[in-house]
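Only one structure is covered here, and it is reproduced in the block below.
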Amino acid sequence: MTLIKYRNLCTSAKNHHESVLHVLERKRTKLFHHLKKWLELAIMDYAMIEEDDRVLVGVSGGADSLSLLDLLNSPMVFVPHFSVIAVNIDMGFDLSYSDYNVLETYLKEHDYTYVMEKSDIGPLSHSAYNRKNPCYLCSRLRRKRIFQIAEENNCNKIAFAHHKDDIIETLIINLFYGREICTIMPKQEIFQESMHIIRPFSYIEEKLIKKYAIECAFPTIENKCATSKTSKRMYIKTLLRELEKDNKDIRENIYKALRHVKVDYLPQNMRYMK
């Protein structure tokens, strides 16, 4: 795999201060305050961030990750002081790298400390080398590199923009296809607790994040992956939308069910007919 690296790790304390001032100058909307409230609640409930943490934020260029980067960079009321570094791995679907350049310009203009890399992970995952499950390999290789970058830059927390709907959808994906009852966690330890993955959007619905991205006019990047619209996750999204036509509370019911697991009513040591 060929990786072409571009780094800008020279952001000073002055530049960070200017970046925060930019957020302060922007008009504070009702939606901003609502998202900040629930983001901070998730951070506090799960002790996601501690004093002087170095937080790597995975930035794909989509509405979710740009919103997370923006909100984490805004002044916090109850969360301890921490620093942020934005990381983007270009998957190599667009060889013109036009989206890569747009994102780089945005990060520079807002004085973010960032690491951006160009890769061929996308084409490799969809090549003859791996026809069976391109999404799995693509995600695995991308995350492996993100973990390496976190270590290289002394980051002890890795923030992903997975939201409430991702938690719900992952539960169903694992149930339908993985034969497991599990989902992604708001906070998850990795590498024997030397790092943690955190998901500050765990309490927040996808539609509110998309609305915020439009409100802020973020330069969102469309997913260029050919299989993104036919993936299992997209199928589950469509299925839930259909089910919501008869029961508008279905997502909320699934989400709340995670806190009401009745283990005594789940069969154990079952035999399976083949």
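Table for the structure above
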{"read-out": "Peptides 97-105, 62-70, 237-245 ordered by average Cβ neighbours within 10 Å, highest first", "value": "62-70, 97-105, 237-245"}
{"read-out": "Gaussian network model of the chain, Cα within-10 Å springs - most flexible of Phe201, Phe218, Phe176", "value": "Phe176"}
{"read-out": "³J(HN,Hα) computed for each position of the stretch 164-169 - Karplus, 6.51 cos²θ - 1.76 cosθ + 1.60, integer Hz, glycine/proline x", "value": "4, 5, 5, 4, 5, 5"}
{"read-out": "The stretch 75-92 and the stretch 189-247: distance between their alpha carbon centers, rounded to Å", "value": "18"}
{"read-out": "Radius of gyration and maximum dimension Dmax of the stretch 24-66, Cα, Å", "value": "12.6, 30"}
{"read-out": "Gain on full stretching of the segment that runs from Cys135 to Asp246 - 0.36 nm per residue minus C-alpha separation", "value": "36.8 nm"}
{"read-out": "Sequence of Met273, Met91 once ranked by neighbouring C-beta atoms within 10 Å, starting from the fewest", "value": "Met273, Met91"}
{"read-out": "Bins of 5 Å from zero: percent of alpha-carbon pairs in the stretch 4-265", "value": "1, 5, 12, 16, 19, 18, 14, 9, 4, 1, 0, 0"}
{"read-out": "Candidates Gly58, Gly92, Gly178, ranked by Gaussian network fluctuation over the chain, Cα under 10 Å, top entry", "value": "Gly178"}
{"read-out": "Relative contact order (percent, whole number), the stretch 128-262, Cα cutoff 8 Å, 6+ residue spacing", "value": "24"}
{"read-out": "Length-normalised contact order of the stretch 165-240 in % [C-alpha pairs under 8 Å, at least 6 apart]", "value": "28"}
{"read-out": "Beta bridge orientation in the chain: antiparallel %, DSSP, nearest 5", "value": "35"}
{"read-out": "For q = 0.20, 0.32 Å⁻¹, Debye-computed log10 I/I(0) when each Cα of the stretch 227-274 counts as one equal scatterer", "value": "-0.85, -1.08"}
{"read-out": "Proximal aspartates and glutamates to Lys211, defined as alpha-carbon separation beneath 12 angstrom and excluding residues fewer than eight positions away on the same chain", "value": "Asp64"}
{"read-out": "Greater than 29 Å apart at Cα, pairs in Lys108/Lys144; Lys157/Lys248; Lys36/Lys118; Lys164/Lys274; Lys164/Lys232; Lys157/Lys210", "value": "Lys157/Lys248; Lys36/Lys118; Lys164/Lys274"}
{"read-out": "Exposure proxy order (Cβ contacts within 10 Å, fewest to most) of Lys30, Lys144", "value": "Lys30, Lys144"}
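A short reminder: the numbers here are calculations on the coordinates, not readings from a lab. Quantities reported herein were computed from a predicted structural model and do not represent experimental measurements. Cβ: placed from backbone, ideal geometry, glycine included. Neighbour counts: every protein chain shown.
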